[in-house]
Each structure stands twice: as C-alpha cells, then as structure tokens.
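Before any comments, here is the structure.
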Amino acid sequence: MSQLASKFIRLKTMIGGNREKYGYEDTFGMPREEQAHITRPGRANIRIISELEFAINLSEAENGRYDGVLEEALDYLLSCMQEQGVLTNQACEKAEDILSPMEAAAKEYKLILASHAHIDMNWMWSFDETVAVTLATFRSILNIMDQYPDFCFSQSQAAVYKIVEEYDPDLMEEIKKRIAQRRWEVTAAAWVETDKNMPDGESLLRHIQYTKEYLSQVWGVKNFDIDFSPDTFGHSGNVPEINCFGGVKYYYHCRGNKRKEVLYRYQAPSGNEVLAYREPNWYNGAITPHIGAGLIEISRRSAGLKTGLVIYGVGDHGGGPTRRDVERAMEMMDWKIYPAIKFGTVREYFLEAEAVRDKVPVVKEELNYFAPGCYTTQSRIKRGNRRLEAALLDAESMAALAGKTAGFRFEKDRVEKAWQNVLFTHFHDILTGSCVQESREHAMGLYQTSMACANTQLQNAMRVIGEQIDTSSILVDIDAYNSQSEGAGAGYGIENFTGVPSTERGSGRTRIFHIFNTQTRKRSEVVELTVWDWTGDLRRLQAKDYTGKEICFQLLDKELQTYWDHKYIRVLVDVTVPALGYTTVVLSQKEAESYPVYLQEREQVSSVFDNYVLSNDQITVEIEAGSGRIRSLKGRETQEELIAEGKTAGLNFIETETITSSAWNIGRHLKTIPVDRCVKMERVTQGPLRESIKAVYKTADSTAEVLYILDKHQPSVRMELTIDWHESGNEIIPVLDYKIPVAYHTSEYRYDIPAGTVVRKERNNDVPALRYGMAVRESGDCAVLISDSKYGYRGTDNTLALTLINSSTSPDPYPERGIHKINLWLGISSGDPRATEELAAAYNHSLFYQPSNSHHGTLPMEESLLETDSDSVVISAVMPSADGALLVRGYETAGRRAETVIMLRKKPSSAVQTDLFEQEIPAAAEVDGCAVKVHVEPYSLFQVKIR
C-alpha cells in the first residue's frame, strides 16, 4: 500500500494545476484555486485522480484485494505522463477501464447529498436582514428545484417557516408544494437551532412542541424525528432524554464531540437515547471531487455503514446549495470507480443507519464544552431569557390554579406566541451573546412583548381568583371621598423583568392582600407588600392572617415614599402559602393602647466598626467591616464553617488575555484582584424578618453596590448587585466574577442542567448551569451559589465561582457597558439534588400578591390546587391543557425509580401518563382518593394528565 500511495502522490504532483492538501480544509465558499486564479486540471484528470484516491482506500479496506489493478493503472498513467507530459482524456478512460474490476465494490458505497442553508438568526445583523436572507435563499432553492427534478433540499428551524408565512405568503405556497413532493425536507425539531445548555428544560420541550404544532397545522409537515443542530455550542447530557420525550429519534450535530466516532448512540442518564451523527467535515460546504475520499474512514467510524452523508450549501448568511454544486454532483454520478451518489435527505441517511444501530458505540456523557464565554457575554440577553422563562411558567401555573378554582380562561394562543418570541432568542448566536448590538436590541424587544403577555396572564388569573374569594368577613373603613389609593401602583416594581403589576384595589386603613405560590410545595417566606396612599398611623399598623391571627411584620419604610403622584410604604410579612395556591393577609390600624412618649435613647458614643453579622433561624453570615466581603458562613444547627479560613467570598476583577478572549471564550486569567475597596458600608434594615447591609465598591472605572439581605426562614443570604460597568477591552479584557473559597476539600461540583442535574469534576474554565452551582462533599452542609440571570460557573481548586460580566470586544466591542442588576444567593444545602433544585426554583419564582377589597364570594381565603410529595422528583411545569384537563410535568433527580404523589383539592376522575403531545403511554398513574400516584423512571421526564 505504501508503494501505491507513493506512486499516486507522484502522479498527482505531475499534473499541472493540482494543489496538494496538507490538512483538513473547509470547502466553504469559493475554492482557493479560483481565488488565486489557478487553472485547475481538466475534468478527465480530476475524475481519474478522485477515483484513484477513493480506490486506494477501498483496496486497503479490502485487505489489498485490488492492489494489483491499482498498480497497473498507476503505472500506465505515470508512463503517459513521462511520454506525453499530460494525461489525455483517452489515457484517463483507459486507466478507468483497468480499474473496472473495482466498480462493483465501489458502488457498494453510497453518498447521500443533502443540501441545506444554514441561516443564522440575527448573528451579525438585524432581524430585517434575517428576513431578507431567508426569503432570498428559499427563492433560489425553488429556482434550482425547477431546473433539476432530482434535487432535494433540507431546512431546519420553524422560525424561518414562520418568517415565510408572515412576509411572503406566495413563497409559502410554492414551498408547501415541494414539501408535499418530498423534495423539500423539514428537519425542524426546534423553533431555531437552539443552544442546548442555557435554555431551561421546559424551554427545550416547548421548542419541540410548538415546532410540531405549528409546522403540522400550518405547513402540513408530518415528520419531526430529526434534531438538526449543526452549529450548536455543546450539548447537555439530557438532550437525548428531552428529544426522546418529544418523539425525536435522530440527532445531527457538528460541535462538541472530541471522540472519533461519527455515528453513535447518544444516551441520557435515564437510558433513553437518540441515534446521533457527528459531522466529520463541516456543515457549510460544497460538492467537490473529494467528498468520496474520506468515506472509507467515515464508514469505519460508523460501524461499517457504507452509506455516507454529505451536508452541503453556503451558509451562516444563507445562500444554500449552488447550481455549481448540483452540476458537479450530477457529473460525479457517472464516475465508475466511486461511491454511488444521489440527491437525498437527512432522514433518508438515518433510516439507512438504523441497520447498524446495535453496532455503533454508546456515548453517555455531555458533548461539551465549546464557547464557555457564551455562558456570560451579553448579560442583558441572559437576564431577559431567565426572567421570561420563569414568568411564562408562573403564568401557566397561575392559569391552571385560576381555571380550576375560578373558571379563568387561559389565553393559550397569546402565551404560545410569547413563548415563541423567547424561543427565537435561544438561537445559538443570540442567547449565547455571540452577536452584535442590533441582535441584542431585537431580543430585548421580544422579551418586553413576551413579558407584557406573561404579566397580563398572571395578573388576570390572580384578579379572577381574588374577585371570587369571600372576604366579606373582613371589616374595612372605606372613605372614598378622602382616598386616592385605588388604581395606585400601576406599573410599579416590574423593571428589569422582575415582579408582577400589583395595582391597589383597596382603600381606607384596612387593606387585603392575596398572596400566591406558583410552586407545588408549601412555602414559608417573607413577602414584601407595597401599601398605597395609606393615611393611617404607621406606629399602629398590624398584620393578620385570614383567620384573624396576628402575624409578624416589619416596616421597610418609616415614612411615605413617592411614586409618580402616589405615596407608598413597603411592609414585610411572614406568611406560609399553600402549594400552588394562595392565602390572605390583612393590614390594618389597631386601636391605640397608650399615647407614646419619646426620649433620646441612642447611645451618645462613637461608633464601633466591627464586622457585621446577619443571622436567622437557618444560617449566620459575617461580613468584614473593612472589605465588605463575606468571611464566614455557618449553618445554625451545625455551626460548621463553609468559608475557607483566612479567605473571603466576594467579587473579583479579573484581567484576562486579549488574544484568547471573545464572546465565545473567557480568556486566560492574568491577574485576579479582589474587589475590596469598600468606599461605603451601612446597615439598611434590622428587624425580626429582615436584616440587610449595603456595601459600595470602586473597582477600576466602575462601581458596584452589594445589598446583603437575610430574611427569616432562608438558608441563603441574598445579594442584590447593582453594577455600573464602565470597562471595555483593550490590552486586557476585564471580567467580573463572584467567588467562594470553601472550607472543605472538593473536586466535584453539582450543577443544574435542562431537566436534571449533573456532577462534574473540577475544571479551570467556565461550565454551564441553569441556576446554581454547588461544591459537593460526602457529608455535611455544602456551599451553594444561586443566580437569577447567570450561567457560567467555574469549580476548581476548592472554590466555586460564577462569572458575572465578560467585556469581550468581538463581535460586539461594547457588550456590557451600563448598569447591571444581578441577584445572587449564597447559602447552604444538604447536597440533595431535589432539595437544591427546589431551593433554586423558589428563588427564581417568587411569591406574588394582589391587593383586594371586602366582598362576597365562593372561594375560601386560603386554598391549594395541588401539592406534590417525593424524595427525588422535581415538578417543572403545571399548566392547563386545551381540553380542560390539568398537565403536570417533572423529572427524577436521584437516579432511582421513584413515586411522586400529587394531592389535589378535589378527587380527579382520571389520570394517565402521556408524552409531550398528551398521547397516553403505558406508564403507571393511579388515582387514590384526592391523590394521584405517578411512577417515574430514574432520571426520566414524565407528564401526567389529570381530569
């Protein structure tokens, strides 16, 4: 074989115009020869050289079976070159005849040519350009289809089909005809080619659900079994579980697998799997004479499957296959000593690959990591996504509660449109932040419109419930003539995608509040209420629960505050709210017991600048007086220190290397500077329900304000960060993170990922997590860091860090300048994955409230729709179905077969487990009185439909 290779190389280098490759080359765009104006060899020369290249590999695979005819053909061609200086067409034909004994073996191999157009959503441009690119590309495809009747085309992303529907209905009708002819293959199992690490598991399920519903109902598409994700920046370990739950069987990707196999079974921890193909070349490529050269090696890496897949077409900015690609393919179809070539589809390849499914290797790990900078860059997009996912899930849960208790009508179409807007931003160059300012601005607009929908649904659901709660037993002192409170607070407290409008509906000195919990477990928490235009005596304020029992409260404001033309005060109340339900709190003015006398009682001595200590029934936190950083974190029961001795937890300004930094990457750390220049520090609140300390820092040209808040019942200190960031990259790229040095040895860290959790070994680079990172230990309390808007954690060297800001300069030179609002929670966890998941969920799904008034109704003042109980199952969504049933979805976290009990307010008539599309599946769901018992397989998703 070495002699054959030597002769082949000698022959190639003797042919004028030939260019040798010295490594893998992309075929994206115009060939290098054309760019350099090099006249390439003639067609006959290209044909025989390409046939020989394939034939040599084929003979090697057949243990040298055809070495003899290969050597004869090579010797003949070399002699022609020596005698004539060229290879004539006749000489090439003669050599092909010599190789004819190989033709049958060559044609046992096959190449399916599946064209596509990789259309990036708003990557380096605005949405109107994305529309233009989509429509122009598809028109070109249809033109090629008209000229070449065997040509096929594959296109993913439901969003591009939505663009066609909205902007060019005539084009839509033409495409639908080609879909019906099976020449236009729809490879969409997601709204866009989405990131797979940062969208919540519920979001990834909505990608599948809304894509199937839209494309089947509007476009008549029938098959949704392919997840075509060529450019996605890594793949969470639960991608197979999520895809299988949505009926997706095949997975095509390019990035994220450092293994050698091309065809494999990608298996989730649950054991569910998809048949996956890792692109061994590139998804944006051309049809060239080299497409068959690597087929033998690809076959070896595909369990001997002799069918290869060639994905081709100009991409990123659209374009798709060119006429040159089609013409070259048609010419190569006539080559005799070459694989059989045909225009085909991605699905056609996977159906053939099923023949070797049992022979391909099984991959049971995350296909990460690529582009860790993308877990942080463009913070505004990250925050918008996290808050919108939470808001839409809360709206669905509240609609379920209101529908079953008060007959509320769920605006399914509006909420679905809001979801689609959010799903659009999950494109792998938008949510990842590897985009330009125009793309960010479009994403923020989508978030605003979707939040308007989510808030409206949530508020209307609470309003409808509140209107039917019987509060007539509460006596109120309405003085309409002197009250301007009703209608106050419109739009208050919802900036930065947080909060829900809570417009005042009461008046007088007695105010009624209904407090709602969208989670499926009972919650005891401190809730902040805003009371508008209250004319009473704040010294005589009292809080009671719905039974009339006094409850603990704390005033945050000692005097009236101003919001536009209204006055308000903020009051903290200690409440317990039933699971997926509500309770009622009443604020009023109590009778005076005595007339107060005021004396000067403050100590007339100088202040002592000791460390600040925040403490409740769960934890104790000590903050250094000088640096404003946390030096101690202990559980109240164990008194075990979680912060490493002599170290502190806090912000760090990091100088990173410019050359290795971009939106896609966090550069090499050059210098880490603790943010400890605390220019102001003060106690803000101190009371039975909340203690808080504010620290203000200067770092470089920026300022950071950290408000440490410790509420009753909470095992974590909340840190409300307001960062006025003025940094931009130049000689170094500035990065800001929050870091916790833990007091115990650990080399493993637990993170939540879509539809589950994962334990990863320490790694000196950022890794993705949805809401929390936890430094794992064998026993005892663990340190956990939870976020409301960040995704890039780093666990290494007994520290847990979260990157907050990455001031990359490419592609957006100024992605992070401005004011950032970030909430973090640093606390303790037992290490149990379910408990930690639910803690993080509670922090990202706050309790809501709506003001009310005194009236008759049919509902009690406290109620619960359903509550779940399980040691290891987490509920991820509760929503109304289109036919009036209740859908409950969740996943198992501990890797064992589990039972979750769903307890309802009324006895259900039936309960069945279903797939994502509400089709019943053979899995247990038993009705036992007012409870539904659901059996869940290890690490699996489940959905139960309850009537």
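The values are calculated or read from the model by the stated rules, or taken from the named source; none is laboratory data. This is a predicted model, so every value here is computed, not measured. As a convention, Cβ positions derive from the backbone with ideal geometry for all residues, glycine included, and neighbour counts pool all protein chains shown.
Couple of notes before you dig in:
- Candidates are the residues of the range 803-848 that are outside any loop (DSSP other than H, G, I, E, B) and of a type in the set (Asp, Glu); the one that is surrounded by the fewest Cβ atoms within 10 Å (Cβ to Cβ) is 838.
- Tally, over the range 506-524, of residues that are out of contact with any helix residue (DSSP H, G or I) (no Cβ under 8 Å at 6 or more places or on another chain), touching a residue at least 40 places away in the same chain (Cβ under 8 Å) and crowded, with 18+ Cβ neighbours inside 10 Å: 9
- Residue, nearest to residue 740 (Cα to Cα), within the range 633-691, restricted to residues that are small (Gly, Ala, Ser) and surrounded by fewer than 21 Cβ atoms within 10 Å (Cβ to Cβ): 644
- Tabulated pairs, the range 3-18, first in a loop (DSSP other than H, G, I, E, B), second basic (Lys, Arg), C-beta under 9 angstrom, 6+ apart or interchain: 17/40; 18/12; 18/40
- Test: residue 277 is modelled with pLDDT of 95 or more and out of contact with any Leu (no Cβ under 8 Å at 6 or more places or on another chain): no
- Scanning the range 592-628 for residues that are in a loop (DSSP other than H, G, I, E, B) and over 28 Å from residue 539 (Cα atoms) turns up 606, 608, 609, 610, 611, 618, 624, 625, 626, 627, 628.
- Condition check for residue 739: outside the structural domain of residue 440 (by TED's automatic domain parsing), without any contact (Cβ under 8 Å) to a residue 24 or more places away in the chain and within 20 Å of residue 373 (Cα to Cα): no
- Residue 214 fulfils the conditions (1) modelled with pLDDT under 95; (2) surrounded by 20 or more Cβ atoms within 10 Å (Cβ to Cβ); (3) of a type outside the set (A, V, I, L, M, F, W, C); (4) over 30 Å from residue 19 (Cβ atoms) except for a single criterion, (1).
- Count of residues meeting criterion [outside any strand (DSSP E or B) and closer than 18 Å to residue 644 by Cβ] in the range 765-777: 2
- The set of residues in the range 315-332 that are surrounded by 21 or more Cβ atoms within 10 Å (Cβ to Cβ) and under 29 Å from the mean Cα position of the chain (by Cα) comprises 315, 318, 320.
- Scope the range 333-361; condition under 18 Å from residue 43 (Cα atoms) and surrounded by 14 or more Cβ atoms within 10 Å (Cβ to Cβ); matching residues: 333, 335, 336, 337, 338, 339, 341
- Which listed residue, of 716, 747, is among the polar types (S, T, N, Q), surrounded by 21 or more Cβ atoms within 10 Å (Cβ to Cβ), touching a strand residue (DSSP E or B) at 6+ places or on another chain (Cβ under 8 Å) and under 25 Å from residue 646 (Cβ atoms): 716
- The listed residue being crowded, with 24+ Cβ neighbours inside 10 Å, at pLDDT 95 or above and over 23 Å from residue 891 (Cα atoms), out of 783, 769: 783
- Evaluation of residue 876 against (1) under 30 Å from residue 503 (Cα atoms); (2) of a type in the set (S, T, N, Q); (3) outside any strand (DSSP E or B) (one fails), failing number: (3)
- Taken over the range 486-505, the residue count meeting the criterion of being crowded, with 21+ Cβ neighbours inside 10 Å and within 15 Å of residue 567 (Cβ to Cβ) is 3.
- Any chance residue 622 is surrounded by fewer than 17 Cβ atoms within 10 Å (Cβ to Cβ) and at negative phi: no
- Top-ranked residue in the range 618-639 [being among the charged types (D, E, K, R) and modelled with pLDDT under 95; ranked as farthest from residue 691 (Cα to Cα)]: 637
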